[in-house]
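**Student:** Attaching a single structure in structure tokens format; questions to follow.
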There are 6 protein chains.
Amino acid sequence: MSDTPISRFPIPTLKDLPEDIQQRIKEVNEKAGFIPNIFLALAHRPAEFRAFFAYHDALMDKETPGLNLAEREMIVVVTSARNQCQYCVIAHGAVLRIRAKNPLIADQLATNYRKADITERQTVMLDYALKVSRQAEKINEQDTAILHEHGFDDDDIWDIGAISAFFGLSNRIVNMSSIRTNDEFYLMGRVPR
Amino acid sequence: MSDTPISRFPIPTLKDLPEDIQQRIKEVNEKAGFIPNIFLALAHRPAEFRAFFAYHDALMDKETPGLNLAEREMIVVVTSARNQCQYCVIAHGAVLRIRAKNPLIADQLATNYRKADITERQTVMLDYALKVSRQAEKINEQDTAILHEHGFDDDDIWDIGAISAFFGLSNRIVNMSSIRTNDEFYLMGRVPR
Amino acid sequence: MSDTPISRFPIPTLKDLPEDIQQRIKEVNEKAGFIPNIFLALAHRPAEFRAFFAYHDALMDKETPGLNLAEREMIVVVTSARNQCQYCVIAHGAVLRIRAKNPLIADQLATNYRKADITERQTVMLDYALKVSRQAEKINEQDTAILHEHGFDDDDIWDIGAISAFFGLSNRIVNMSSIRTNDEFYLMGRVPR
Amino acid sequence: MSDTPISRFPIPTLKDLPEDIQQRIKEVNEKAGFIPNIFLALAHRPAEFRAFFAYHDALMDKETPGLNLAEREMIVVVTSARNQCQYCVIAHGAVLRIRAKNPLIADQLATNYRKADITERQTVMLDYALKVSRQAEKINEQDTAILHEHGFDDDDIWDIGAISAFFGLSNRIVNMSSIRTNDEFYLMGRVPR
Amino acid sequence: MSDTPISRFPIPTLKDLPEDIQQRIKEVNEKAGFIPNIFLALAHRPAEFRAFFAYHDALMDKETPGLNLAEREMIVVVTSARNQCQYCVIAHGAVLRIRAKNPLIADQLATNYRKADITERQTVMLDYALKVSRQAEKINEQDTAILHEHGFDDDDIWDIGAISAFFGLSNRIVNMSSIRTNDEFYLMGRVPR
Amino acid sequence: MSDTPISRFPIPTLKDLPEDIQQRIKEVNEKAGFIPNIFLALAHRPAEFRAFFAYHDALMDKETPGLNLAEREMIVVVTSARNQCQYCVIAHGAVLRIRAKNPLIADQLATNYRKADITERQTVMLDYALKVSRQAEKINEQDTAILHEHGFDDDDIWDIGAISAFFGLSNRIVNMSSIRTNDEFYLMGRVPR
């Protein structure tokens, strides 16, 4: 498997990249112990790389009373599974297991979130995320009202929808590029440390 | 999680079951180390239980030159993922990892088989399986011709289609019953023993 | 038309078949006056043949207070029409006409069950059967509640769903094999005897 | 069943209708032996009635070297079945059986035309008719080229597409009005006279 | 652009056409200042031409208390956009702008009527029109009840559904013929005269 | 219409915004003569605002030998129309008319790009963009090969796919927020200056 390409588009040599992108990749490598392929696959387009991760961080490195870190990952896993994005489901499934301290939740959500060990509030959150992902043209005030009833405020609703929309972009980039999932993600968060 | 029901339909007490069904359950328990929930969830209907597992065994406990055990499980994982059947994807994903001696293959196939580490021949096999699963009314002799070109004979084609059709039944029973996946399946085949 | 093949897969010679399968075919021939092609088309796989008809009989040769014989056939006709299974619609349409003593009902159900001469209770039954057939992943407790309101108990619900699931398998086998409908079925139950 | 309404919209009294419409209904009654409900259901709108039947006759009461009367009815049956129009499938199925002198063809086409006793040329014709019916926005010159290869000229192609388009209108009017199929149609053309 | 054909089917010479069709075309030319291509594209089939425009006029050249001229055009624009019919959206979008005296409304409705500057009553009207256009087989009495609640009577409901059905025919004819939109339509009703 | 809200989410006061965002809005206002609502609707989230427009500019303010400015806008119009995004179709339709110096092209592409006045090369470009938008999971090397045959290199392919993916994000944000299209866009580029 070591010979399988990371992407169908070019992967630049690290030392040829702009300083800030080298720095970002160095940091994630130190934190994760490996370089997630999405960083390498986007690096041939520095401006897009910067915008992508700035957008990502604004939505995902954030915890609010209405939406914790694990719930943000749940949205990623469910919408990416529906979009059949291998990288996003497996990599963010790993992050979700760790953040939720739950080794089962990612596989449950990836196949059928309606049967997962989640709360009704989380189901409502995922219904909305999936509607934004697949039928955004039909979103209406009834959808918002149900979210309000379950304690989500308008800031949360924006977050849920924006995460779904952003990973819709990510899913499409990954699928058009055949970005390969790092082997390391598959087992992360499955066994107690 | 221990309180979550196994099925929305009744689960009979083991000792009240017909002798042959008790025996079958005892055997699988000895082999796997636990009782997969599908056995408990179908047991309230002994005649259907017997037919279901007889059908299953006829298609799955079988290895031919054209279709090995791992490939049969691949068909189950891919079609069940498309039908959003949590139990089938996770349980048969476990079996697939073991049979293929590959810890990555099940998660790859479950999200997008077009991006998985499989051969072109296996891709053609899965294309056919998925067409039987989702658009059987359009199956035609061109589909069969492509399979022949890749070395599948008519017996293999029947197997591929019948496995897809049988697990289509299984997927529907599981989803209508909300049959819970045993926790044991999630980690099976992921770490070297 | 007599030269049209019964199936794209092999049809074994009756006398070469296992005893029990010969016996089963002999019985249906005596009862119907001809051998329905599904028996011939499955016979090249004796173990699958036995499982298929055992499953079929467990669900269809059964009458309960909640679900009579004609209603079981209604489920077959409606779900098979949606799956575009010629054999199932025409053969079971014939059985339905006879069991319901109604020469019009099968054609009505096969094209649009929402416009058929059936009760509201039967419409609810067919809504559920069709959801199991086409969107089983979305079945939820609201679906079950509507069935309960119309007097179906959980045993009936299992039957409705299991019949839909089983004929989903049958529809796929028939379509992938191009199993031909016997000419005899077309007129059965249309004219008073 | 005699009490079931013919349409959810008003059915005018025959003698209150404009002379020409009374005349048309009288003629069809004499020819068929009964009044097909579509005539009664459209009569409350005389101008639309006249346009509808003028359009119908221009396309259906016509036989050309490229497209005989039976083939025109095949198009109606196949596209109406896909649109789930009970009246059109059953009434035109009857006409088709008579025109094709084939008691089986209508039921075959209504469930899955890909498995019907028709020629390859007729399959190509029905592929085009169905594409006009369901995906007209994607019709392109490749579709036309295939028809030409099978001996259809541009006049035939217009006829095939226009019949599909016209019955698309008819299917929608029937479904929105719940126009009931006359009992007489079900058996027509099934038994030799 | 002047060399682009009006239709993939033949366009007859005006003076060779039947008198009444020449007359009709002359009238529309005088009124509009140009000949809309739909008249030329249908003229090679005089009987169909007459039926088409008779049907059109019966539904569109009509104003009732429940449904004014602009609202009839709204139905055309929304259903034709969903059917991806360039001619119908652009030509009837022009007429709508003029009839509604609103330069924005056509573009809003063509992309997403749920976000357009229309009343709730008009949204309900368009929901029904679109359901007739895309899922007529599922129309039921609940749909009608909502329309009644918003002040539409049964005559209005017929009009809404029939306009949707008629333009479904028109959309299919246009798409199968690649009928070109006249350049004149694009700007009509956009700038105050 | 002046009272219609710009978005269902909050619109901050300009002078309360971070300096760089005020600056960006000032610049677009000077260039366009008005503030496009998307700038106001995203401003309540400064970090996302910055990432969004950085991403946008990286893909859209760029002209390459393989993909000119007008072609980039074509991709936006076609994919946004399919996603039913009113703001994107109307605003970018305006930009497209200006960049292509063609007053007809935007309306043609928004309803059915297969019937628009574009080259075969542009059709192939839009086929790929739409596949990324709606079925990215099925993108394969055959899609890429067709683009290569028409003179697109891998950099162009990335651009086409990335524009489609980015506006998929934009379409979802707009639809979930009901961002209103500025009246100014409707007429831009339609009349010669």
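**Student:** Filter region D:154-185 for residues that are surrounded by fewer than 21 Cβ atoms within 10 Å (Cβ to Cβ), assigned to a helix (DSSP H, G or I) and more than 8 Å from chain E (Cβ to nearest Cβ) and give the result.
**Tutor:** D:D155, D:D156, D:D183, D:E184
**Student:** Quickly run through region B:159-193 and pick out the residues that are modelled with pLDDT under 95 and of a type in the set (K, R). Steps first, answer last, please.
**Tutor:** Here is the first cut: in region B:159-193, the ones modelled with pLDDT under 95 are B:191-193.
Residue satisfying the conditions is B:R193 alone.
**Student:** Are any residues in region B:12-38 among the acidic types (D, E) and either within 14 Å of another protein chain (Cβ to nearest Cβ) or in contact (Cβ under 8 Å) with a residue 60 or more places away in the chain (or both), and if so, which ones?
**Tutor:** As a first pass, look at region B:12-38 and keep what is among the acidic types (D, E): B:16, B:19-20, B:27, B:30.
Passing the criteria: only B:D20.
**Student:** Would you point out which residue out of B:N140, B:N112 is surrounded by 22 or more Cβ atoms within 10 Å (Cβ to Cβ) and either within 14 Å of chain C (Cβ to nearest Cβ) or not aliphatic (A, V, I, L, M) (or both)?
**Tutor:** Values: B:N140 fails: surrounded by 22 or more Cβ atoms within 10 Å (Cβ to Cβ).
One residue alone meets the criteria, B:N112.
**Student:** Please work out which residue is most open to solvent (accessible area, probe 1.4 Å), limiting yourself to region E:115-125 and to residues that are over 28 Å from E:A54 (Cα atoms) and away from every other protein chain (no Cβ under 11 Å).
**Tutor:** The qualifying residue most open to solvent (accessible area, probe 1.4 Å) is E:E120.
**Student:** Right, C:A145: touching a residue at least 40 places away in the same chain (Cβ under 8 Å) and in a helix (DSSP H, G or I) or not? Full working, then the answer.
**Tutor:** On the way: touching a residue at least 40 places away in the same chain (Cβ under 8 Å): no; in a helix (DSSP H, G or I): yes.
Considered against the rule, which asks whether it is touching a residue at least 40 places away in the same chain (Cβ under 8 Å) and in a helix (DSSP H, G or I), C:A145 comes out as no.
**Student:** Let me ask you something else. Please find, among C:V174, C:V191, the residue that is in contact (Cβ under 8 Å) with a residue 12 or more places away in the chain, touching a Phe, Trp or Tyr at 6+ places or on another chain (Cβ under 6 Å) and closer than 30 Å to C:I35 by Cα.
**Tutor:** Working: C:V191 fails: touching a Phe, Trp or Tyr at 6+ places or on another chain (Cβ under 6 Å).
Sole residue among the options that is in contact (Cβ under 8 Å) with a residue 12 or more places away in the chain, touching a Phe, Trp or Tyr at 6+ places or on another chain (Cβ under 6 Å) and closer than 30 Å to C:I35 by Cα: C:V174.
**Student:** Any idea which residue in region D:58-84 is nearest to C:Y113 (Cα to Cα), counting only those that are touching a Gly at 6+ places or on another chain (Cβ under 9 Å) and outside any helix (DSSP H, G or I)?
**Tutor:** Result: D:N83.
**Student:** Among the numbered conditions (1) more than 30 Å from C:F34 (Cα to Cα); (2) of a type in the set (A, V, I, L, M); (3) open to solvent by less than 10 Å² (accessible area, probe 1.4 Å), tell me where C:I146 comes up short.
**Tutor:** (3) is the only condition that C:I146 fails.
**Student:** While we're on this one: Taking the conditions exactly as written (at pLDDT 95 or above, touching a Phe, Trp or Tyr at 6+ places or on another chain (Cβ under 9 Å), surrounded by fewer than 21 Cβ atoms within 10 Å (Cβ to Cβ) and within 11 Å of another protein chain (Cβ to nearest Cβ)), does C:F9 satisfy them or not? Spell out the reasoning first.
**Tutor:** Details: at pLDDT 95 or above: yes; touching a Phe, Trp or Tyr at 6+ places or on another chain (Cβ under 9 Å): yes; surrounded by fewer than 21 Cβ atoms within 10 Å (Cβ to Cβ): yes; within 11 Å of another protein chain (Cβ to nearest Cβ): yes.
Judged against the criteria, C:F9 is a match.
**Student:** Next up: Considering every residue within region D:61-72, establish whether at least one is under 22 Å from E:I139 (Cα atoms) and within 16 Å of the chain's Cα centre (by Cα). If you could, list the steps in order and put the result at the bottom.
**Tutor:** So in region D:61-72, the residues under 22 Å from E:I139 (Cα atoms) come out as none.
Scanning region D:61-72 turns up no residue that is under 22 Å from E:I139 (Cα atoms) and within 16 Å of the chain's Cα centre (by Cα).
**Student:** Is there a residue in region E:126-135 that is facing chain D (nearest Cβ under 8 Å) and either surrounded by fewer than 21 Cβ atoms within 10 Å (Cβ to Cβ) or at pLDDT 95 or above (or both)?
**Tutor:** At the first step, the residues of region E:126-135 found to be facing chain D (nearest Cβ under 8 Å) are E:132-133.
Keeping just the survivors that are either surrounded by fewer than 21 Cβ atoms within 10 Å (Cβ to Cβ) or at pLDDT 95 or above (or both) gives E:132-133.
Yes, region E:126-135 contains at least one residue that is facing chain D (nearest Cβ under 8 Å) and either surrounded by fewer than 21 Cβ atoms within 10 Å (Cβ to Cβ) or at pLDDT 95 or above (or both).
**Student:** Kindly check whether there is at least one residue in region D:87-105 that is within 14 Å of chain E (Cβ to nearest Cβ), among the β-branched types (V, I, T) and open to solvent by 10 Å² or more (accessible area, probe 1.4 Å). Can you show your working first?
**Tutor:** Of the residues in region D:87-105, the ones within 14 Å of chain E (Cβ to nearest Cβ) are D:87-89.
Cutting the leftovers down to among the β-branched types (V, I, T) gives us D:89.
Narrowing further to those that are open to solvent by 10 Å² or more (accessible area, probe 1.4 Å): D:89.
The answer is yes; a qualifying residue exists.
**Student:** Select from region A:7-57 the residues that are of a type in the set (S, T, Y) and not in a helix (DSSP H, G or I) and list them in ascending order.
**Tutor:** Our first condition is that a residue be of a type in the set (S, T, Y); within region A:7-57, this holds for A:7, A:13, A:55.
Passing the criteria: A:S7, A:T13.
**Student:** Kindly indicate the residue of region E:62-82 that is within 13 Å of chain D (Cβ to nearest Cβ) and closer than 19 Å to E:F185 by Cα and also most open to solvent (accessible area, probe 1.4 Å) among those meeting that condition. Give the steps one after another, and end with the answer.
**Tutor:** Within region E:62-82, the subset within 13 Å of chain D (Cβ to nearest Cβ) is E:62, E:64, E:75, E:79-82.
Adding the requirement that they be closer than 19 Å to E:F185 by Cα leaves E:75, E:79-81.
Numbers: E:I75: 0, E:T79: 1, E:S80: 0, E:A81: 20 Å².
The qualifying residue most open to solvent (accessible area, probe 1.4 Å) is E:A81.
**Student:** Hey, does region F:85-92 have a residue that's assigned to a helix (DSSP H, G or I) and out of contact with any Ser or Thr (no Cβ under 8 Å at 6 or more places or on another chain)? So that I can check it myself, show each step before the final result.
**Tutor:** Going residue by residue through region F:85-92, those that are assigned to a helix (DSSP H, G or I) are F:86-92.
Retained after the next criterion (residues that are out of contact with any Ser or Thr (no Cβ under 8 Å at 6 or more places or on another chain)): none.
No, every residue in region F:85-92 fails to be assigned to a helix (DSSP H, G or I) and out of contact with any Ser or Thr (no Cβ under 8 Å at 6 or more places or on another chain).
**Student:** When you go through E:A41, E:A58 one by one, which is the residue that is free of Cβ contacts under 8 Å to residues at least 12 places away in the same chain and aliphatic (A, V, I, L, M)?
**Tutor:** Working: E:A41 fails: free of Cβ contacts under 8 Å to residues at least 12 places away in the same chain.
So the residue among E:A41, E:A58 that is free of Cβ contacts under 8 Å to residues at least 12 places away in the same chain and aliphatic (A, V, I, L, M) is E:A58.
**Student:** Six or more apart or on different chains, Cβ atoms under 6 Å: show the pairs whose first residue is in region F:118-139 and within 15 Å of A:S178 (Cβ to Cβ) and whose second is of a type in the set (S, T, Y) and not in a loop (DSSP other than H, G, I, E, B).
**Tutor:** Partner pairs satisfying both residue conditions: F:V132/F:S164.
**Student:** Answer yes or no as to whether D:I38 is within 16 Å of D:N171 (Cα to Cα) and either at pLDDT 95 or above or open to solvent by 10 Å² or more (accessible area, probe 1.4 Å) (or both).
**Tutor:** On the way: within 16 Å of D:N171 (Cα to Cα): yes; either at pLDDT 95 or above or open to solvent by 10 Å² or more (accessible area, probe 1.4 Å) (or both): yes.
Yes, satisfied.
The values are calculated or read from the model by the stated rules, or taken from the named source; none is laboratory data. Please read these numbers as outputs of a predicted model, since none were measured by experiment. Here the Cβ is made from the backbone with ideal geometry for all residues, glycine too, and neighbour counts use every protein chain on show. Side chains included, ligands, DNA and RNA excluded: accessible areas come from the protein's heavy atoms. Shrake-Rupley method; radii C 1.70, N 1.55, O 1.52, S 1.80 Å.
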